[in-house]
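Have a look at the structure below, then the notes.
Values in this text are rule-based calculations from the coordinates and carry no lab data. Bear in mind that the values here come from a model prediction, so they are computed numbers and not experimental data. Reconstructed Cβ throughout: ideal geometry from the backbone, glycine too, with neighbour counts over all protein chains shown.
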């Protein structure tokens, strides 16, 4: 059959079918474009979320760093500024630490040094002690006689600090207040993080563009008026025509499943239905049974029983006595472990003695006309914890001393171990001195006493090298380098400087020429062969760092490493080659 065209003529069905295919393609193209717009809107939204999330992470990291810096500054301020130390004695701007204790800086502190004895070729009877007189303790600290000068310097600093104690303490408090203010400001800056968090929430919830794209996609999918009209025209031409439709998603999904998957889904559905039916049948039976019981007998109400202290059925305490409180139905008799509990009105109170370990209590409340009710309670008594607190050192403190004092408070009569070694205990106070290795040191303090549960604390102290140790290491390295040098005969060195590249050498000679940069470092030409009668020959080129005092005609010794051959232009205008050396140390 045919359909009429615009001139009243009938169109062939195949033309209508072709028109239908083209309309379906146009519809699909519009739908695909809408889907692409939806995908792009979603990607844009996800990128905006990623940007806001990245901004939040950056803000959080900056805030965390600000907090860490402020916390470290506060720790340093609270620790105090080290003014001087020797052995177990350390003077800070707010306190004095000694083997016998710690005392706040005041004008009542005095220090003195006594040195006795002499040293001969055969004997050494020298003895040096540092005497400390404080309001809390008197200390006599033995000092190595070779460090008597250092001891006197420390005593002078202690006495000076004592005279200016008020000013030093005020400065210390001011530093702590500034650090506390900085930490408070850093904490207050949480608002920046909160703002970034709100920004992320706003971006995540701003789905307007995505919603518009989804709505446009839905409109494009439902806009089938043209297709429907052409279908109607085709069916009017050929009622038996088969029209190819867009595949139904659910049916397409089912058709893609294998027969095994289909069978599994059917079996699972039947199993769920069977279980549900059985449960409904059982519930109905129980309900029917309860209904019959209700008709034959009326259940009595339960008596009331409530424990208000403790509010849980299981409690852990460290005391030997405990008071149980509760309430019951007025007029009821309450028993605990078979013994009657005295009550006043509905409330009752029962003190109990607890043994170490679990203590179980069974409460029963009974009243005529009501069913009895019971309540089980377990209170576990553990040993009390031994007291343990440490005032020194502060956790995560950085020191430069090879030793530190551990000072704290414990329960009188307790024994204290510091890193496994017994600490000195006097009453409730304990003290120990330990050696520190370079880097991080873990200090474990354990307190124990019979009848008490032991307690442990761990502190970390970071030790850095002192100035004296740094100088000593530098001196050792310097000496090791000097000891490893050799003096190569000049005639062998000039013959093939590159052969000796990397060799550590030593040369003594007279400066021919020197050029030094104002900021340090320079070069010099050095004669290294003494011909006698103060006549020198044979030059080497020396590169050096730092500064030297010498000038042309002065003598010095160079310790360094051979580089190779060096070419330079002489004053006469010619080029010459000499051995080149990078100086490590120059001794004048």
| Remind me, relative contact order of the range 305-381 in percent, using alpha carbon pairs under 8 angstrom and six or more residues apart? | 36
| field | Simple label model, 7 Å out from Cα along Cβ direction - residue 146 to residue 212, nm | value | 8.5
| query | At each listed q (0.15, 0.19, 0.28 Å⁻¹), what is the log10 of I(q)/I(0) that the Debye formula gives for the range 388-464 modelled as equal alpha-carbon point scatterers? | reply | -0.47, -0.72, -1.35
| query | Expressed as a whole percent, how much of the Cα-Cα distance distribution for the range 478-552 exceeds 21 Å? | reply | 35
| field | the range 305-381: equivalent-ellipsoid semi-axes (sqrt of 5 x gyration tensor eigenvalues, Cα, Å) | value | 23, 12, 10
| In what sequence, highest mean first, do 203-214, 66-77 appear when ranked by Cβ atoms within 10 angstrom? | 66-77, 203-214
| task | Compute the length gained on full extension between residue 349 and residue 503: take 0.36 nm times their separation in residues and subtract their Cα-Cα distance, giving the result in nm to one decimal. | result | 46.2 nm
| task | Take the alpha carbon gyration tensor of the range 123-163, find the square roots of its eigenvalues, order them as a ≥ b ≥ c, and report rounded if a/c is under 1.5; if not, report prolate when a/b exceeds b/c, else oblate. | result | oblate
| note | With label points set 7 Å from each Cα along the Cα-to-Cβ direction at residue 22 and residue 50, the distance between them in nm comes to 4.3
| message | Just to verify a number: FRET efficiency for residue 530 and residue 474, C-beta to C-beta distance, R0 = 41 Å, to 0.05? | response | 0.85
| query | What is the range 481-588's relative contact order, in percent, from Cα pairs under 8 angstrom and six or more apart in sequence? | reply | 28
| If you average the sequence gap of Cα pairs under 8 Å that are 6 or more apart and divide by the length of the chain, what percent do you get for the contact order? | 8
| Give or take rounding to whole Å, what are the principal axis extents of the alpha carbon atoms in the range 370-505, in descending order? | 119, 43, 20
| query | Just for the chain, what percent of DSSP beta bridges are antiparallel, to the closest 5? | reply | 90
| message | Between residue 395 and residue 104, what's the calculated FRET efficiency when r is the beta-carbon distance and R0 is 30 Å? Round to 0.05. | response | 0.90
| field | Estimated 222 nm signal from helices in the chain, with DSSP H stretches of n ≥ 4 weighted -39500 (n - 2.57), rounded to 500 | value | -13000 deg cm²/dmol
| Say R0 is 60 Å: what FRET efficiency, to the nearest 0.05, do residue 519 and residue 221 get from their beta-carbon distance? | 0.20
| task | Give me the percent of Cα-Cα pairs in the range 20-163 that sit more than 17 Å apart, rounded to a whole number. | result | 74
| request: Specify the inter-centroid distance of the range 370-426 and the range 28-84, based on alpha-carbon positions, in whole Å. | output: 41
| field | Label-point gap, in nm, between residue 116 and residue 376 - each point 7 angstrom along Cα→Cβ | value | 7.6
